[in-house]
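Worksheet: one structure, shown below.
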Amino acid sequence: MNNSVFFGALTVAGLAAGAAAAGTLDDVKARDQLNCGVSTGLVGFSAPNANGEWEGFDIAVCRAVAAAVLGDPNKVEYVPTTGKTRFTALASGEIDMLARNTTWTFSRDVDLKFEFAGVNYYDGQGFMIPKELGVSSAKELDFATVCIQTGTTTELNLADFFRANNITYEPVPIETNAEARQQYLANACDVYTTDASGLAATRATFDDPGNHVILPEIISKEPLGPLVRHGDNEWGDVVRWTLNALVGAEELGITSANLAEKAAGTENPEINRLLGTEGNLGEMLGLDADWAQNALSAGGNYGEIFAKNIGEDTPVGLARGLNAQWTDGGLLYAPPFR
Amino acid sequence: MSTLSDPPKQSFRLSMLIYDTRYRSATIQVVAMIGFLILVGWVISNTVQNLTDLGKEPSFSFLSEPAGYDINQRLLDYDNQDSHMRAALIGLLNTLLVAFLGCITATVLGVIIGVLRLSSNWLVARLMTVYVEMFRNVPVLLWIVFIMAIMIETLPAPSAFRGDNSDAAMHVMDSVALTNRGVYVPEPLFHNSLGNVSVFGDAAVRFDISLDLIAFLIVLGGSLFVSTKIRQWADAKQESTGLRPTIWHIRAAVVLLPSVLLLLVLGFHLGYPELKGFNFQGGTHMRNSLIALWLALSLYTAAFIAEIVRSGILAISQGQTEAAAALGLRPKRIMNLVILPQALRVIIPPLISNYLNLTKNSSLAIAVGYMDLTGTLMGITMNQTGRELETVMLGMLVYLTISLLISSFMNWYNNRVKLVER
């Protein structure tokens with residue numbers, strides 16, 4: 001009996017590994033649907049709204065890719081994954097791409113055999129703590145109880161930070177952001193640590209966001225971005241250049257308002273190449289010539305997506321900071337479209 | 001004259017493997033076995049091939065790399081620079097701890113509830129029925145999460161204990177603190193401790209043995225041995241003279257005095273939990289994840305054990321009770337001396353599978369963030385190293401080993417208590 005379970009598991013793993021080797025772009029086209037792995041719920045990044053439709057900053061990437069490949073941003077099946085299940089879901093072929101505030105690290109890229117398509121949010125790990133505790137620096141957190149999502153880079157950063165500062169802590173491992181929120185609000189942990197953007201998004205859902213502070217220390221670099229499986233370069237290119245199209249469009253001044261006008265043809269040859277009125281970039285990707293137009297019509301350029309979901313006018317209220325265009329002193333820099 | 005004819009010589013022909021009923025079943029079994037082995041071989045080689053194509057050749061070398069993460073509940077020393085192997089061992093011990101506590105609590109509760117359910121007191125019997133139906137008909141995961149939620153939401157946070165006019169107070173002469181981060185109880189400490197002995201040096205399985213504990217156990221064991229000898233002496237005396245000497249005070253003194261004396265020599269005292277900074281410090285911290293998991297598993301399994309105990313008792317014929325009553329035994333003694341010893345042989349076999357279930361159910365620990373084997377080896381380690389197949393296989397192997405060990409121990413016990421037939 002135990003033997004058959006064991007071999008059953010082997011079979012499943014074997015079949016899954018076999019499925020992963022096929023061309024993902026063709027699979028997605030044949031299925032006429034994109035399977036996109038997202039988080040189980042983080043307001044502003046990926047969460048279902050009151051109508052049960054997923055929306056957010058990471059969701060916008062899924063929608064743009066679906067629009068570029070299939071011509072319709074709504075042809076996406078969202079697969080909620082936890083910090084623990086996401087990589088298995090991607091490696092097994094259950095999802096085509098993962099857009100779930102996932103940090104680009106060496107070992108994930110090289111050892112876990114994934115391909116990061118780029119960075120859609122430059123983040124860092126921070127700490128959130130109730131104001132009444134009067135803590136002003138993370139170095140004062142000796143012996144604090146820290147809520148932390150298990151299976152993330154934050155776990156390792158946290159261990160490193162406390163070791164480097166020679167202070168101790170009590171980790172409380174938690175599966176999802178919702179559980180962390182519950183424990184933090186019940187004061188079962190003093191501090192909640194995750195990416196600073198995630199902290200801001202979680203704080204936005206509190207009844208009294210003003211009573212919680214995010215400490216100034218950012219203890220890590222967390223470049224978050226969408227990722228795909230290793231070894232399928234065509235599909236990797238599609239996701240990478242869809243993301244670049246969103247970023248490049250902002251730099252080139254293409255917005256959802258003037259998209260139709262620019263698509264009719266402009267003086268700027270790069271805009272023409274991007275929108276498909278000149279050259280054959282779409283064909284090189286194995287997509288239609290108007291792939292970038294479709295991607296941009298899904299939710300606008302990077303700046304519009306940012307402002308709508310997590311920008312300063314939203315409850316999450318994040319400043320562009322590092323995520324501004326390179327021309328504005330940020331890190332966003334799309335390679336040239338030629 | 002009689003002639004003896006030799007039986008006809010039979011030569012073996014290949015076709016006999018199929019047509020001769022003496023060989024046929026063996027042939028079929030051999031063929032089936034070969035087919036099964038080929039299937040197994042194909043599955044394994046296919047898996048290895050596919051993983052290799054993905055660039056992830058099966059390998060267990062990750063076990064010796066530094067884990068990099070911290071674990072809150074550690075029965076042995078561990079820090080984040082220890083290996084994944086060590087982290088898995090810490091997780092395994094946490095699994096064993098909660099399984100051990102759970103099995104004992106579930107058995108005690110289950111026996112009491114099972115017996116009470118047969119009580120002639122209408123109210124008690126019905127209450128126990130309600131308990132059994134309530135606990136065994138709701139998935140254990142929900143009980144775990146429910147108890148955890150109750151602890152987090154209803155118990156005060158450590159900060160509520162702060163100040164002179166605090167909202168919350170400690171219990172039992174200010175020595176026990178019930179908080180929503182767990183229960184803090186006093187811990188035994190020694191002024192003149194004998195220290196520890198380290199075993200296995202720097203290996204992943206290293207551990208320390210407290211010499212205080214060893215000394216205490218030796219003294220206690222010795223005095224219990226002497227106490228038994230005294231009882232045997234009293235028994236012999238009673239048999240030869242008919243008078244039993246009063247020995248209870250001697251036995252009590254023999255058991256208690258040496259242990260108390262040893263504790264005094266070692267400078268025994270209690271370390272009380274104290275609110276310092278963010279949390280209570282000092283004392284023993286039983287995290288609410290452990291308590292929630294332990295309670296939920298015990299209460300849930302107790303409902304099943306209660307039913308097993310009840311069935312065991314009902315299996316003993318009513319005549320036994322009546323015969324014992326006719327001898328003048330009281331109901332309590334009938335239960336202890338006549339019914340339960342006989343019921344045990346019916347109870348033990350299904351009890352084994354409930355212990356196994358409890359142990360395996362403890363893998364739901366991650367729902368409340370209890371770092372058991374599933375949380376460390378098959379949780380964080382799997383996630384950080386990306387070795388899904390290897391970690392899950394190792395985990396399955398460990399659970400299999402634990403289950404087989406429990407099962408063989410219980411089978412040994414079952415053989416001991418089962419009815420000796422002549």
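The values are calculated or read from the model by the stated rules, or taken from the named source; none is laboratory data. Because the structure is a prediction, the values reported are computed rather than measured. Note that each Cβ is placed from the backbone with ideal geometry, even for glycine, and that neighbours are counted across all protein chains shown.
Listed here are the strands (runs of 3 or more DSSP E) enclosed by the stretch B:259-307 that have at least 2 residues being within 14 Å of chain A (Cβ to nearest Cβ): B:274-276, B:279-281, B:284-287.
Only one of the numbered conditions (1) closer than 30 Å to residue B:336 by Cβ; (2) part of a helix (DSSP H, G or I) is violated by residue B:51, and that is (1). Among the conditions (1) within 12 Å of chain A (Cβ to nearest Cβ); (2) crowded, with 22+ Cβ neighbours inside 10 Å; (3) part of a helix (DSSP H, G or I); (4) of a type outside the set (Gly, Ala, Ser), residue B:347 misses just one, which is (1). Would you confirm whether or not the stretch A:133-152 contains a residue that is within 29 Å of residue A:55 (Cα to Cα), at pLDDT below 90 and of a type in the set (Val, Ile, Thr)? Within the stretch A:133-152, one or more residues are within 29 Å of residue A:55 (Cα to Cα), at pLDDT below 90 and of a type in the set (Val, Ile, Thr). Among the residues of the stretch A:158-201, those identified as more than 10 Å from chain B (Cβ to nearest Cβ) and more than 22 Å from residue A:47 (Cα to Cα) are A:161, A:164, A:165, A:166, A:167. The residues of the stretch A:90-107 that are within 11 Å of chain B (Cβ to nearest Cβ) and either assigned to a loop (DSSP other than H, G, I, E, B) or surrounded by fewer than 20 Cβ atoms within 10 Å (Cβ to Cβ) (or both), listed by number, are A:92, A:93, A:105, A:107. Residues in the stretch B:81-113 that are within 13 Å of residue B:290 (Cα to Cα) and within 14 Å of chain A (Cβ to nearest Cβ): B:91, B:94.
The lone criterion from (1) away from chain A (no Cβ under 14 Å); (2) in a strand (DSSP E or B); (3) in contact with a helix residue (DSSP H, G or I) (Cβ under 7 Å, 6 or more places away or on another chain); (4) among the β-branched types (Val, Ile, Thr) left unmet by residue B:205 is number (2). Does residue A:188 satisfy the condition of being in contact with a strand residue (DSSP E or B) (Cβ under 8 Å, 6 or more places away or on another chain) and either in a helix (DSSP H, G or I) or free of Cβ contacts under 8 Å to residues at least 12 places away in the same chain (or both)? So residue A:188 does not fit the description; no.
If only residues of the stretch B:54-80 that are aliphatic (A, V, I, L, M) and more than 8 Å from chain A (Cβ to nearest Cβ) are counted, the one that is surrounded by the most Cβ atoms within 10 Å (Cβ to Cβ) is B:67.
Here's the yes/no breakdown for (1) charged (D, E, K, R); (2) within 34 Å of the chain's Cα centre (by Cα); (3) within 21 Å of residue A:147 (Cα to Cα):
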position	(1), (2), (3)
B:40	no, yes, no
B:50	no, no, no
B:57	yes, no, no
B:81	no, yes, yes
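Specify which of the listed residues (B:224, B:189) is at pLDDT 85 or above, assigned to a strand (DSSP E or B) and among the aliphatic types (A, V, I, L, M). The match here is B:189. Out of the residues in the stretch B:97-137 that are assigned to a loop (DSSP other than H, G, I, E, B) and free of Cβ contacts under 8 Å to residues at least 60 places away in the same chain, state the one that is surrounded by the most Cβ atoms within 10 Å (Cβ to Cβ). Only one residue tops the list, namely B:119. Reported count of residues in the stretch A:298-338, each being of a type outside the set (Gly, Ala, Ser) and assigned to a loop (DSSP other than H, G, I, E, B), is 15.
Of all residues in the stretch A:280-301, those satisfying the criterion of being touching a helix residue (DSSP H, G or I) at 6+ places or on another chain (Cβ under 8 Å) and either in contact (Cβ under 8 Å) with a residue 60 or more places away in the chain or over 21 Å from residue A:255 (Cα atoms) (or both) are A:285, A:286, A:287, A:288, A:291, A:292, A:294, A:295, A:296, A:297, A:298, A:299. Of the residues A:267, A:250, A:261, A:234, only one is out of contact with any Gly (no Cβ under 7 Å at 6 or more places or on another chain), among the acidic types (Asp, Glu), in the same structural domain as residue A:29 (by TED's automatic domain parsing) and not in a loop (DSSP other than H, G, I, E, B); which? Criteria check complete, one pass: A:261.
The set of residues in the stretch A:113-155 being surrounded by 20 or more Cβ atoms within 10 Å (Cβ to Cβ), out of contact with any strand residue (DSSP E or B) (no Cβ under 7 Å at 6 or more places or on another chain) and within 9 Å of chain B (Cβ to nearest Cβ) consists of A:151, A:152.
Tell me, please, whether a residue that is in a helix (DSSP H, G or I), over 22 Å from the mean Cα position of the chain (by Cα) and not assigned by TED's automatic domain parsing to the domain that holds residue A:81 can be found in the stretch A:191-210. The answer is yes; a qualifying residue exists.
If you go through the stretch B:18-51 and pick out every residue that is within 11 Å of chain A (Cβ to nearest Cβ) and either on the phi > 0 side of the Ramachandran plot or not aromatic (Phe, Trp, Tyr) (or both), you end up with 12. So for the stretch A:232-240 (the condition being in contact with a strand residue (DSSP E or B) (Cβ under 6 Å, 6 or more places away or on another chain) and either of a type in the set (Lys, Arg) or under 30 Å from residue A:126 (Cβ atoms) (or both)), does at least one residue qualify? Checking the stretch A:232-240: at least one residue is in contact with a strand residue (DSSP E or B) (Cβ under 6 Å, 6 or more places away or on another chain) and either of a type in the set (Lys, Arg) or under 30 Å from residue A:126 (Cβ atoms) (or both). Just so you know, in the stretch B:359-417 the residues that are more than 9 Å from every other protein chain (Cβ to nearest Cβ) and not in a helix (DSSP H, G or I) include one that is nearest to residue B:61 (Cα to Cα), and it is B:387. Based on what the data block shows, is residue A:229 buried (at least 16 other Cβ atoms within 10 Å of the Cβ), basic (Lys, Arg) and within 14 Å of another protein chain (Cβ to nearest Cβ)? Yes; evaluated as a whole, the condition is true for this residue.
Within the stretch B:141-150, does at least one residue satisfy the condition of being buried (at least 19 other Cβ atoms within 10 Å of the Cβ), more than 30 Å from residue A:132 (Cα to Cα) and either touching a Lys or Arg at 6+ places or on another chain (Cβ under 7 Å) or hydroxyl-bearing (Ser, Thr, Tyr) (or both)? No, the stretch B:141-150 contains no residue that is buried (at least 19 other Cβ atoms within 10 Å of the Cβ), more than 30 Å from residue A:132 (Cα to Cα) and either touching a Lys or Arg at 6+ places or on another chain (Cβ under 7 Å) or hydroxyl-bearing (Ser, Thr, Tyr) (or both).
Apart from one condition, residue B:51 fits all of (1) surrounded by 14 or more Cβ atoms within 10 Å (Cβ to Cβ); (2) under 30 Å from residue B:297 (Cβ atoms); the exception is (2). Kindly establish whether residue A:74 is assigned to a loop (DSSP other than H, G, I, E, B), away from every other protein chain (no Cβ under 14 Å) and modelled with pLDDT under 90. So residue A:74 fails the test.
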